[in-house]
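Novice: Would you mind keeping the following structure in view while I ask a few things?
The values are calculated or read from the model by the stated rules, or taken from the named source; none is laboratory data. Because the structure is a prediction, the values reported are computed rather than measured. Because the Cβ atoms are built from the backbone with ideal geometry, glycine has one as well, and the counts that use them run over all protein chains shown.
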Amino acid sequence: MNNPAPKLSPEQYEQNFAELHPPFTPNSAVAEANRCLYCFDSPCMKACPTHIDISTFIKKIATGNLKGSAKTIFESNWVALTCAKACPVDVLCEGACVYNERGEEPIQIGRLQRFAIDTYFERGMPQLFTPAPKNGKSVGIIGAGPAGLACGAELALMGYEVVIYEGKPKPGGLDTWGIAPYKMTQQDSLNEVKLIESFGVKIKTGVKIGHDISIEALSKNHDAVFIGVGLAVPAALRIPGEELDGVFNALEFIERVTTRKWKSVDVGKRVAVVGAGNTAIDAVTEAKRLGAEQVMILYRRSRGEMSAYDFEYELAKSDGVVFHFQTAPKRIVGTKHVEAIECVKMQLGKPDGKGKRPAEPVPGSEFQIPVDMVILSVGQQTDQTFLSQIPNLQIQNGRVVVNHETFQTSNEKFFAGGDCINGGKEVVNAAADGKRAAHGIDKYITSRR
């Protein structure tokens, strides 16, 4: 880093990255649970991609049955603590709460779910589920992210031998490595991993399929394989200067922050983040909390078209982030280190056949912004080099093609779920995919006996 921001004290870092939403106390959890109307049609349950029986788990909190509450949640979602802390609840379950129609605050479903699951882990993970006897069949899972973990948990309970292969040193995928520490900690994710391992799931970390173990060997060793690799390759801007010192990928930057080894994370005094999704917001907000003096978002389209959720946008603004809308980077300026970013103003053209207005450069509107660090958050892609090693695997628009009932791919032995099939959605979507894929795998293997 050419011009890093001064280091803060360890206490200041911890304060800056303290949880955004503190947990309920037992009394406040019961009080909130008793506000629930226990709707007959449960619109909140329908809005949740994993369809947790929300009314039931809240009712159990209200009656003091916290173990039963946790069991109800886990029956639908194996990464429920991550989802409780990091899900966009205001546009999913809480957004569907009937209190919204009455102009009242919705039930705080996410915090109640967190209360039940936190209590479960604090009490030492009392047994809730008993795996079926081993059936002599084995499933290999590529990737220990939320999709792979959910798939593994479900299969282990059905009696399968399950081995998850993970390239990173710790399992959990984006739950462990890619979520801002003020939302959840790595330990939260690792607690979920511990639960899934308690069902007999084996997780081999530091193992890269296609490198340490061939696809052929993996296929030979297991009766079916689940692909839960996410989006492993960051998209590039393809502009001059991307190779300069001080240019980072957003997930690479966030990953360094999640370890909470503050002294090892440098941040520039003036930081520009390119992109306007939820990951971009995490990166720019983290940069500010690490001590950057000036932080900004550069986005080529308008505020109304940014993909970040409203609460993420409001969080960033409250942290002092400056938004430059309809602004696109042309080149990153510097000799060896980042010194500035040259941008051009954009205007929205005429709508295309789908009604989307293309962003077009305004001639002669180029300008430079002095910066010390540039963080790129313009999307992630599947690893096509890896996926091409799997025989007869159909890829469309960069995504693995599956049957959305069984999650089976065009190679009948391989199944897939999560970001690699949907292009990048929420953790809860990946958890839902993994669970449903497990049942597709069971149906496939059972039909071949």
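Novice: On the given criteria, is ARG102 among the basic types (Lys, Arg) and closer than 18 Å to ALA33 by Cβ?
Specialist: So ARG102 does not fit the description; no.
Novice: Pick from region 414-449 the residues that are part of a loop (DSSP other than H, G, I, E, B) and among the basic types (Lys, Arg): which of them is modelled with the lowest pLDDT?
Specialist: Here the residue is ARG449.
Novice: I've got another one for you. For region 162-184, name all the residues that are free of Cβ contacts under 8 Å to residues at least 40 places away in the same chain and surrounded by fewer than 24 Cβ atoms within 10 Å (Cβ to Cβ).
Specialist: LYS168, PRO169, LYS170
Novice: So which residues in region 92-110 are more than 21 Å from ALA147 (Cα to Cα) and either among the acidic types (Asp, Glu) or under 18 Å from the mean Cα position of the chain (by Cα) (or both)?
Specialist: The answer is GLU94, GLU101, GLU104, GLU105.
Novice: Assuming LYS202 fulfils every condition listed in (1) more than 21 Å from VAL400 (Cβ to Cβ); (2) buried (at least 23 other Cβ atoms within 10 Å of the Cβ) apart from one, which condition is it?
Specialist: Unmet condition: (2).
Novice: Which of the residues spanning region 4-32 are outside any helix (DSSP H, G or I), in the same structural domain as GLN113 (by TED's automatic domain parsing) and more than 23 Å from the chain's Cα centre (by Cα)?
Specialist: PHE24, THR25
Novice: Let me ask something else. From SER189, SER219, which residue is at pLDDT 95 or above, closer than 14 Å to LEU149 by Cβ and either outside any loop (DSSP other than H, G, I, E, B) or touching a Leu at 6+ places or on another chain (Cβ under 7 Å) (or both)?
Specialist: The unique qualifying residue is SER189.
Novice: For region 100-126, name all the residues that are free of Cβ contacts under 8 Å to residues at least 12 places away in the same chain and of a type outside the set (D, E, K, R).
Specialist: ASN100, GLY103, GLY124
Novice: Something else about it: Considering only strands (runs of 3 or more DSSP E) fully contained in region 327-413, which possess at least 2 residues that are modelled with pLDDT of 95 or more and crowded, with 17+ Cβ neighbours inside 10 Å?
Specialist: It comes to 327-333, 340-348, 373-376.
Novice: Follow-up question, since we're still on this one. Given the conditions (1) surrounded by fewer than 20 Cβ atoms within 10 Å (Cβ to Cβ); (2) at negative phi; (3) not charged (D, E, K, R), which single one is not true for ALA431?
Specialist: With respect to (1) surrounded by fewer than 20 Cβ atoms within 10 Å (Cβ to Cβ); (2) at negative phi; (3) not charged (D, E, K, R), ALA431 is out only on (1).
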